[in-house]
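S.K.: Encoded as structure tokens, here's the structure I'll be asking about.
The values are calculated or read from the model by the stated rules, or taken from the named source; none is laboratory data. Keep in mind the model is a prediction, meaning the values are calculated, not measured. Using ideal geometry, Cβ is built from the backbone for each residue, glycine included, and neighbour counts are taken over all protein chains shown.
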Amino acid sequence: MCGVPLPRPGDRSAAVASFAAVDARQFGDVDEAAARRAARGYVDALWAKDDIETEHMRDGRIHAESIRDADWSAVREPLRDRAAAVGMDPEYAAATTRAWRNHKADGDYWTPMLRAQRIEFRTAIGDETYPEKPSDGRQGFGTAPVRYLLGVELHDLHEDVHWREAVTVMEPYYRRILRAHADD
């Protein structure tokens, strides 16, 4: 987002720096320390998720049943810290953890991911009523969380063409956030 360089795979400190740059823009009303704390929480959660995945590999594939029953607290706790750092509803941590677990356990990950991203997006744009819709479908999650989920789906295809498409899908998500900050 916004010209932030991608870190090399496995470079934790570069990942924190990249996510901190994004979070400073995404959560425009937080200071640099809070953005870095939020980013560190996200990266720590990602690394913990990767560790859980490694522990539950069988014959080169994640074993869905065993990973479903794993202890995911090492993922949830840093996500709680992320939420606290930027003033997000703590349900974000629980929903994101459920989404990540279910994603690896062949379960419904889209519903908790949509919940988590609605929370994050609301915080980012400073509007707890998002999405406001003029008529039918008011209980939906809104277009921004759906874009995020589509980005994940495209990422899962593991091909450059789909990753480029994911960037295209996500650009309006971040433009909306930046526009909300410009309007403040």
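S.K.: Collect the residues in the range 1-29 that are in a loop (DSSP other than H, G, I, E, B) and at pLDDT 95 or above, keeping them in residue-number order. Before the answer, list the steps.
M.R.: Let us first name the residues in the range 1-29 that are in a loop (DSSP other than H, G, I, E, B), namely 1-11, 27-29.
Once the filter is applied, which keeps residues that are in a loop (DSSP other than H, G, I, E, B) and at pLDDT 95 or above, the range 1-29 yields only PHE27.
S.K.: Please enumerate the residues belonging to the range 43-59 that are under 30 Å from ALA21 (Cα atoms) and surrounded by fewer than 19 Cβ atoms within 10 Å (Cβ to Cβ).
M.R.: Of everything in the range 43-59, those that are under 30 Å from ALA21 (Cα atoms) and surrounded by fewer than 19 Cβ atoms within 10 Å (Cβ to Cβ) turn out to be LEU46, TRP47, ASP50, ASP51, GLU53, THR54.
S.K.: Okay, moving on. Just one of (1) at positive phi; (2) assigned to a helix (DSSP H, G or I) trips up ASP106, so point out which.
M.R.: (2)
S.K.: Examine the range 44-51 for a residue that is assigned to a helix (DSSP H, G or I), within 17 Å of THR123 (Cβ to Cβ) and either in contact with a helix residue (DSSP H, G or I) (Cβ under 8 Å, 6 or more places away or on another chain) or among the acidic types (Asp, Glu) (or both), and state whether such a residue exists.
M.R.: yes
S.K.: Within the bounds of the range 48-59, is there any residue that is within 15 Å of the chain's Cα centre (by Cα) and of a type in the set (A, V, I, L, M)?
M.R.: Within the range 48-59, one or more residues are within 15 Å of the chain's Cα centre (by Cα) and of a type in the set (A, V, I, L, M).
S.K.: Would you confirm whether any residue within the range 60-69 is in contact (Cβ under 8 Å) with a residue 24 or more places away in the chain, under 16 Å from the mean Cα position of the chain (by Cα) and either in a helix (DSSP H, G or I) or surrounded by fewer than 20 Cβ atoms within 10 Å (Cβ to Cβ) (or both)?
M.R.: Checked the range 60-69: no residue is in contact (Cβ under 8 Å) with a residue 24 or more places away in the chain, under 16 Å from the mean Cα position of the chain (by Cα) and either in a helix (DSSP H, G or I) or surrounded by fewer than 20 Cβ atoms within 10 Å (Cβ to Cβ) (or both).
S.K.: On to the next question. Looking at the structure I just gave you, is THR111 under 25 Å from GLY140 (Cβ atoms), outside any loop (DSSP other than H, G, I, E, B), touching a residue at least 40 places away in the same chain (Cβ under 8 Å) and within 14 Å of the chain's Cα centre (by Cα)?
M.R.: Against the criterion (under 25 Å from GLY140 (Cβ atoms), outside any loop (DSSP other than H, G, I, E, B), touching a residue at least 40 places away in the same chain (Cβ under 8 Å) and within 14 Å of the chain's Cα centre (by Cα)), THR111 does not qualify.
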